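Derivation of every value follows stated rules applied to the coordinates shown; laboratory data play no part. All of these numbers come straight from a predicted model, not from anything done at the bench. Every residue, glycine as well, gets a Cβ built from its backbone with ideal geometry; the counts of neighbours run over all protein chains shown.
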Amino acid sequence: MLVPCNSRIGVLLVALAGLMLSGCDNPALPELAQTVAPGSSTALQRSYLFCLWNVENLFDDRDDNRTAPGDKEFDDLYARRADLLQLKLDKLTQAILAMNGGKGPDILAVVEVESLRAAQLLQQALNAKLTDPALRYEHVLMKEVTVGRHIAPALITRLPVIRDRTRGYGSRFRIVQAHVLVGGHELIVIASHWTSRVRDGNTKGRADYADQVYGAANAIHKSNPAADILVCGDFNDGPNDASVKQHLRSTSDIPAVRAGGPSLRLLNLLGDKDAAAGFGTHYYSRWYIFDQILVSPGMLDGAGWSCDTGSVRAVQALARPGDSKKRPWRFGPEKHTAPRGYSDHFPVTVELKIHP
């Protein structure tokens, strides 16, 4: 397990690791508000935690008669099993609100969400556990899809947004572009969930996703080279696969991204991480880094929004106790017989800042 120093997420991992080693099947996640000294009001106003998480088949409580592979199994599940839906929401909420000093991330990008209603159920569950009204998650931004699996990304945030600029990229692509606006500074988030390797081994599908995402980000960049753009998602490919490195024009070379050029290059915050060495976000026969966060040159220039590139973390403490491989502790389908966890992916977090 990677345990960072001098960060709130580091404290979370250390605390959770202790719980996992205790052998408890259902540990209560500590609220970091109890273990981390609060920052100054100035720091809280200018520093924000961003989190990306594939929340594993978060479906709503309505039966929509979906029959696509992967949807049929879950579409009516939570409509029939209110107890299982509540447990799913409790698990996700427990993990999310253990981050960021007990407040939860300021911006949460979730993927594998069936519908706007499903995202709103998570929003409501989070707000029900937040005692401070100022910390409520006020906004859910999402564009549903109608082709293939009926799952899509959503953005849940307590920060102000420009709602009417939220857009998708047609019915084929699980992509949402959202705009957060704080203190006159705009952050553009493009979240996506690319074609599954299990359901479609063809790499072209993921390359098509990369082309769509890059085209959108590059158009924004050409219009405004200083634009603050954050690209994230479950790519179902790793940082060194062609879809990410070539089609998405990503690199781990910070000076190269800062240097700019006629076409946008994106800094992959996980581009220099090694799944085999312990930085995996998903396990399927072996470790992969599928869940990634990338930023534009505008996020490195010290004006408006910026990114602390060294703060990126995979919250690997959400592993099942006693699992020698320390894999993500999945929630599982209806007939799952093992104790239920959170998701089959780890969340990934990064600290963002606003410069006046």
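Structure notes:
- Highest average packing first - 148-154, 90-96, Cβ atoms within 10 Å: 148-154, 90-96
- Placing +1 on the Cβ of every Lys and Arg and -1 on the Cβ of every Asp and Glu, with nothing else charged, gives the stretch 280-356 a dipole about its Cα centre of roughly 480 debye.
- Rounded to whole Å, sorted largest first: equivalent-ellipsoid semi-axes of the stretch 184-258, Cα gyration tensor: 24, 14, 10
- Relative contact order of the chain, defined on C-alpha pairs under 8 angstrom at six or more residues apart (%): 18
- In units of the rule-of-thumb radius 2.2 N^0.38 Å, the stretch 121-162 shows an alpha carbon radius of gyration of 1.39.
- Relative exposure of R313, R172, judged by other C-beta atoms within 10 Å (fewest first): R172, R313
- Per-q log10 I(q)/I(0), the stretch 126-242, q = 0.18, 0.19, 0.23 Å⁻¹ (Debye; single scatterer per alpha-carbon; no solvent): -0.98, -1.05, -1.31
- Fewest-first ordering of H185, H355, H139 by other beta carbons within 10 Å of each residue's beta carbon gives H355, H185, H139.
- Max mean-square fluctuation residue, GNM over the chain, Cα-Cα springs under 10 Å, options S252, S343, S192: S252
- Taking Rg and Dmax of the Cα atoms in Å as calculated from this structure, the corresponding entry among (1) 21.9, 69; (2) 20.1, 63; (3) 18.9, 55 is (3).
- Summed residue charge, Cβ within 11 Å of A125's Cβ, Lys/Arg positive, Asp/Glu negative: +2
- Given charges at Cβ of Lys, Arg, Asp, Glu: the stretch 299-356 dipole, positive-most of M299, V348, P328: P328
- Binned Cα-Cα distances of the stretch 39-169, short to long, each 5 Å bin given as a whole percent: 2, 10, 20, 23, 18, 13, 8, 3, 2, 1, 0
- Computed over the stretch 262-356, relative contact order equals 29 percent, with contacts defined as Cα pairs under 8 Å that lie 6+ residues apart.
- For the stretch 246-356, the alpha carbon positions stretch 53, 32, 25 Å along the principal axes, listed from largest to smallest.
- Of all aspartates and glutamates in the structure, the ones whose alpha carbon falls short of 18 Å from that of K222, not counting any fewer than 8 places away in one chain, are E186, D211, D301.
- Relative pair counts by distance (%), Cα atoms of the stretch 43-110, 10 Å bins: 18, 39, 27, 13, 3
- For the stretch 160-310, alpha-carbon Rg over 2.2 N^0.38 Å: 1.02
- Computed [θ] at 222 nm, deg cm²/dmol, the chain (DSSP H ≥ 4; -39,500 (n - 2.57); rounded to nearest 500): -7000 deg cm²/dmol
- Exposure proxy for V312, V111: other Cβ atoms within 10 Å of each Cβ, ordered fewest to most, give V312, V111.
- Mean sequence separation of contacting Cα pairs (under 8 Å, at least six apart), scaled by the length of the stretch 136-199, corresponds to a relative contact order of 28 percent.
- Only alpha carbons enter this Debye calculation for the stretch 300-356, each as an equal point scatterer, and the log10 of I(q)/I(0) it gives at q = 0.15, 0.26, 0.30 Å⁻¹ is -0.58, -0.99, -1.14.
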